[in-house]
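I have placed the structure first, in the form of structure tokens, so that the comments after it can refer back to it.
The values are calculated or read from the model by the stated rules, or taken from the named source; none is laboratory data. What you are looking at is a predicted structure, and each value in this text was computed from that prediction instead of being measured. So basically every Cβ, Gly included, is an ideal-geometry build from the backbone, and we count neighbours across all protein chains shown.
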Amino acid sequence: MDEHLRRLEFRLVREHDEVPPSLVHEWIERAWARFRGARVRDFVPLLVERAVRVSARGFSAGLPEPPRTHLSDWARSTTRRLLAGRMARRWAHSAGVARRAEQVARVLVAEEQDLLVAAAWLHDIGYAAELADTGLHSLDGARYLLRAGVPRRVCGLVAYHSGSAAVAEVLGLADELAEFDDDRGRLRDALWYCDMTTSPDGHPTTVENRLAEIRERRGPDDPVVRALEINVDERLAAVRRTHRLLRRATV
């Protein structure tokens, strides 16, 4: 059923290009939750499609949109949809980064806390086969999020997470990445910290072990490893700044 819903979502997004894809996804999930207990299960996809089309017509007519979930809730469901089935290890890493973000968010101002958790969930969605385009996953993920109507600040966090600017430089994609703003500050540092202290399997680790694992897994010719020569100090500095904030918060 999940695969059927993915195909349905893809088709409806194409047919209703005036509606943000994130909203189509939300409508499908809501309709699925409503109808999945139907006595004749073969009719459920049809009922879901009809419900989404009604919502799309209302949106196009300028009627009020249904209530939206927290961005981090949408981010979690979107990441699950894109990664959990075919990229289980990437999904585990993303979930681990999000757990880390929930712990770290307390050092940020209130309006940035949900943004951090959302960006943590979404930071690697550009690896999904249906989103991969340029070879730079952070850029592909950010472009998808921008099309989906996600706030530009979150798109920028995903675009530049964990030193992606250096990877873009290695790949010759710096101009394309410049479509997004690099939000330098505590929020950006916190996302880098969460990513760089979470293993590929989603477990807490040190930044030193994480960097060593990246080098070993990818090999010296990989663009991500080559980028470390450019910005490893920047990554370490972001982790240290966030670590200091966390230590102060516990005093």
Trp192 fails exactly one of the following numbered conditions: (1) under 20 Å from the mean Cα position of the chain (by Cα); (2) surrounded by fewer than 20 Cβ atoms within 10 Å (Cβ to Cβ). What is the number of that condition? (2)
Which one of these does Val207 not meet: (1) farther than 19 Å from Leu83 by Cβ; (2) crowded, with 16+ Cβ neighbours inside 10 Å; (3) at pLDDT below 95; (4) of a type in the set (A, V, I, L, M, F, W, C)? (3)
Taking the range 141-168 as the search range and keeping residues that are basic (Lys, Arg) and within 21 Å of Glu130 (Cβ to Cβ), which one is modelled with the highest pLDDT? Arg143
Go through the range 230-245 and count every residue that is under 24 Å from Ala174 (Cβ atoms), charged (D, E, K, R) and free of Cβ contacts under 8 Å to residues at least 40 places away in the same chain. 1
Out of the residues in the range 233-251 meeting the condition of being surrounded by 17 or more Cβ atoms within 10 Å (Cβ to Cβ) and of a type in the set (Val, Ile, Thr), tell me which one is farthest from Ala105 (Cα to Cα). Val239
Within the set of pairs 6 or more residues apart or between chains, which connect a residue that is among the charged types (D, E, K, R) inside the range 165-178 to a residue that is surrounded by fewer than 19 Cβ atoms within 10 Å (Cβ to Cβ) with Cβ atoms less than 8 Å apart? Glu169/Ile230; Glu176/Thr134
Could you check the range 119-142 and list, in sequence order, the residues that are free of Cβ contacts under 8 Å to residues at least 24 places away in the same chain, assigned to a helix (DSSP H, G or I) and either surrounded by fewer than 24 Cβ atoms within 10 Å (Cβ to Cβ) or hydroxyl-bearing (Ser, Thr, Tyr) (or both)? His137, Asp140
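Suppose the filter is under 25 Å from Leu131 (Cβ atoms), in contact with a Pro (Cβ under 6 Å, 6 or more places away or on another chain) and buried (at least 18 other Cβ atoms within 10 Å of the Cβ); does Val225 pass it?
Details: under 25 Å from Leu131 (Cβ atoms): yes; in contact with a Pro (Cβ under 6 Å, 6 or more places away or on another chain): no; buried (at least 18 other Cβ atoms within 10 Å of the Cβ): yes.
No, not satisfied.
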